[in-house]
Amino acid sequence: MSIWNGTRRRIHLQEVGPRDGLQAECAFVETHDKIALVDALSKSGVAKIEVTAFVSPQAIPALRDAEIVLREIEREPGVVYTALVPNVRGAERAIDARADELNLVMSASESHNLSNLRMTRDQSFGSLKTVAGIARDAGLPVNISLSCAFGCPMEGDVAEDAVLEWARRFIEEAGARGVTLCDTTGMAYPPQVARLTAAFIERWPHTELTLHFHNTRGMGLANVLAAIDAGANRFDASLGGIGGCPYAPGASGNVCSEEIVHALEWMGYDTGVDLYTLIEAAKRLPALIGHDTPSQIVKAGRRLDLHPLPADFDAIRERALQRDVASRPPN
Ligand code: COA
Ligand code: ZN
């Protein structure tokens, strides 16, 4: 249902292109271009922007300018500026650069956690609990992104009970304000999304739940709609549909922000986002990253962005009308 109590139901869009998007690119996007991109996104009406990641510059060279970007963007009141943080070092850097929120990351799959973060899940949890304490002392909220929550490219299915148990530990033992269930390599499918979303909301109705889908197998929008029907109202998406974890085999782009906004607005939801501003920002990407993006909306335009009639349209119509005259029976 898109209409609740006569008002349009609000769906919060969280832009992750500057982090999940740019981390996957070979090209290093110049620092001033990153800042300009985030500034353009700030004006589009998105609820939250994941600006960068405070990770090892050897692991993710594309985001080695995290401090400068987060410090120098122009902050729009009402927008939450978050940053990905894998460890204590990352937390200290993010707090120093004035992040509004720390987005901690851990995988629900042991194999992916070891590949991506070089720790077991238990080691990650221990370290992230310390990070959560540092954030609390600094007065900052914490979100935990659980990667591979809908399947792992190396292990296959990840038990839903295990995903919920990691969520529980972060909410109850580490004081997380929010949890993001990440479909890191596009393995989620709608009935699974509906089940996990409903189970989460039933247990933690007051915890900020985000769904983070990648469109790797073309099921991104279907998964967003399944999650909305199950009660979710907060989604990550990436400008141009770029993105992907370099440490997850077969990863590809996030659901595309402008496609999600376009679809949801036509379905009667209120995303708060100005689609034109978002599309204009997406059009900057190919020049920055050196290739085309998957965005269907940038290619095709919005559904009512019309095309001109064919140049010889008058002649076509004239000929068609002549056919009527020619076929008329003689009186
Ligand atoms: N910020 C900056 N540098 C960091 C850092 C951080 N948050 N964490 C670690 N480093 C540096 C260390 O200083 C060290 O540098 P040195 O070799 O010059 O001394 C190097 O990284 C290795 O540090 P170590 O503590 O041994 O970490 P590690 O090698 O076990 O790596 C991670 C662990 C998680 C820090 C690293 O793999 C990482 O940042 N990965 C990125 C994960 C990611 O962003 N994935 C995609 C998104 S989900
Ligand atoms: Zn992702």
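The values are calculated or read from the model by the stated rules, or taken from the named source; none is laboratory data. As the structure is a prediction and not an experimental result, all values here were calculated from the model. Cβ atoms come from the backbone with ideal geometry, glycine included; neighbour counts cover every protein chain shown.
Structural remarks
- Taken together, LEU304, LEU309, LEU239 contain a single residue that is surrounded by 13 or more Cβ atoms within 10 Å (Cβ to Cβ) and modelled with pLDDT of 95 or more, which is LEU239.
- Answer residue from segment 24-79, given it is of a type in the set (Asp, Glu) and out of contact with any Asp or Glu (no Cβ under 6 Å at 6 or more places or on another chain) and is surrounded by the most Cβ atoms within 10 Å (Cβ to Cβ) among those: GLU50
- Taking the criterion of being within 16 Å of ligand 1 (Cβ to nearest atom) and either among the hydrophobic types (A, V, I, L, M, F, W, C) or crowded, with 24+ Cβ neighbours inside 10 Å (or both), the residues of segment 212-236 that qualify are HIS212, PHE213, HIS214, ASP236.
- Looking across SER127, SER107, one residue alone is over 22 Å from GLY139 (Cα atoms), touching a residue at least 12 places away in the same chain (Cβ under 8 Å) and not hydrophobic (A, V, I, L, M, F, W, C). It is SER107.
- Among residues of segment 207-234, those that are within 15 Å of ligand 2 (Cβ to nearest atom), of a type in the set (Val, Ile, Thr) and in a loop (DSSP other than H, G, I, E, B), counted: 1
- Among strands (runs of 3 or more DSSP E) entirely within segment 65-169, having at least 3 residues that are among the charged types (D, E, K, R) singles out no element at all.
- Checking each residue in segment 110-129 for being within 16 Å of ligand 2 (Cβ to nearest atom) and in contact with an Asp or Glu (Cβ under 8 Å, 6 or more places away or on another chain) picks out only HIS112.
- Positions within segment 173-206 being surrounded by 19 or more Cβ atoms within 10 Å (Cβ to Cβ) and assigned to a loop (DSSP other than H, G, I, E, B), in sequence order: ALA174, ALA176, THR184, THR185, GLY186, MET187, ALA188
- Any hit, segment 254-276, residues being touching a strand residue (DSSP E or B) at 6+ places or on another chain (Cβ under 6 Å), under 30 Å from SER109 (Cβ atoms) and within 16 Å of ligand 1 (Cβ to nearest atom): yes
- Test: ALA66 is within 11 Å of ligand 1 (Cβ to nearest atom) and within 26 Å of ALA227 (Cβ to Cβ): no
- Flag for VAL55 being touching a residue at least 24 places away in the same chain (Cβ under 8 Å), over 20 Å from ASN87 (Cβ atoms) and not in a strand (DSSP E or B): no
- Test set (1) within 13 Å of ligand 2 (Cβ to nearest atom); (2) surrounded by fewer than 22 Cβ atoms within 10 Å (Cβ to Cβ); (3) not hydroxyl-bearing (Ser, Thr, Tyr) - GLY156 fails condition number: (1)
- Taken together, LEU164, LEU221 contain a single residue that is aliphatic (A, V, I, L, M) and under 13 Å from the mean Cα position of the chain (by Cα), which is LEU221.
- Pair list, Cβ under 8 Å, 6 or more apart: segment 178-201 residue farther than 20 Å from ARG217 by Cβ, other residue assigned to a helix (DSSP H, G or I) and basic (Lys, Arg): none
- With respect to the conditions (1) out of contact with any His (no Cβ under 8 Å at 6 or more places or on another chain); (2) away from ligand 2 (no atom under 16 Å from the Cβ); (3) closer than 22 Å to ALA222 by Cβ, ALA281 lacks only one, and its number is (3).
- Selection within segment 284-331 - under 43 Å from the mean Cα position of the chain (by Cα), small (Gly, Ala, Ser) and not in a loop (DSSP other than H, G, I, E, B): ALA287, ALA300
- Meets criteria (aliphatic (A, V, I, L, M), within 14 Å of ligand 1 (Cβ to nearest atom) and within 27 Å of ALA251 (Cα to Cα)) for ILE144: yes
- Neighbours by Cβ (under 6 Å, 6+ apart or cross-chain): first from segment 216-237, farther than 20 Å from GLY272 by Cα; second modelled with pLDDT of 95 or more and part of a strand (DSSP E or B): GLY220/PHE213; ASN223/PHE213
- Residue check for LEU84: buried (at least 24 other Cβ atoms within 10 Å of the Cβ) and touching a strand residue (DSSP E or B) at 6+ places or on another chain (Cβ under 9 Å): yes
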